[in-house]
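Engineer: Following this message is one structure expressed as structure tokens.
Values quoted throughout were computed directly from the atomic coordinates according to the rules given, and no laboratory measurement underlies them. What you see is a predicted model; the values in this text were computed from it and never measured. Positions of Cβ are generated from backbone atoms using ideal geometry, with glycine treated the same way; all protein chains shown enter the neighbour counts.
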Amino acid sequence: MAVYTSKEEAMTKIVVTVEGGLVQNIVCDQPFEAVVIDLDTEGAEPSELTKMPGQDGTVEEVYLNKNVHNWTDKPIDPEWVNKVFERSKA
């Protein structure tokens, strides 16, 4: 079991790459699961939309990318992820 000296160290670090408004890749420092909810439903077929409760309690129709529920096949690269986080805090 890992021993962490701070709350920040214990947090999963995730880097999301977006191009053209679409998630292209996710890289993390440990296994995780993620769901991508797209609020931009323009051009989506009605059959592709899902009613999703928002954090504020409202219900919206969203595009839920069902192909990305489990990102466990994505790269786990703690060294690169930590470099990205270090750079983002500089």
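Engineer: Describe numerically, in nm with one decimal, the distance between label points set 7 Å from Cα along Cα→Cβ at T50 and at K83.
Structural biologist: For the pair T50/K83, the computed spacing is 3.5 nm.
Engineer: How large is ³J(HN,Hα) for each residue in region 82-88, as worked out from phi by the Karplus curve 6.51 cos²θ - 1.76 cosθ + 1.60 (θ = phi - 60°), to whole Hz, x for Gly and Pro?
Structural biologist: Per residue, the Karplus-derived 3J(HN,Hα) values read 5, 5, 4, 5, 4, 5, 5 Hz.
Engineer: With θ taken as phi - 60° and the coefficients 6.51, -1.76 and 1.60, list the Karplus ³J(HN,Hα) couplings across region 48-60 in order, rounded to whole Hz; mark glycine and proline as x.
Structural biologist: So the J values, rounded to whole Hz, are 8, 8, 10, 6, 10, x, x, 5, 8, x, 6, 10, 10.
Engineer: Continuing with this model, one more query. Apply 1/(1 + (r/R0)^6) to the Cβ-Cβ distance of V18 and I76, taking R0 = 30 Å, and write down the FRET efficiency to the nearest 0.05.
Structural biologist: After rounding, the FRET efficiency stands at 0.95.
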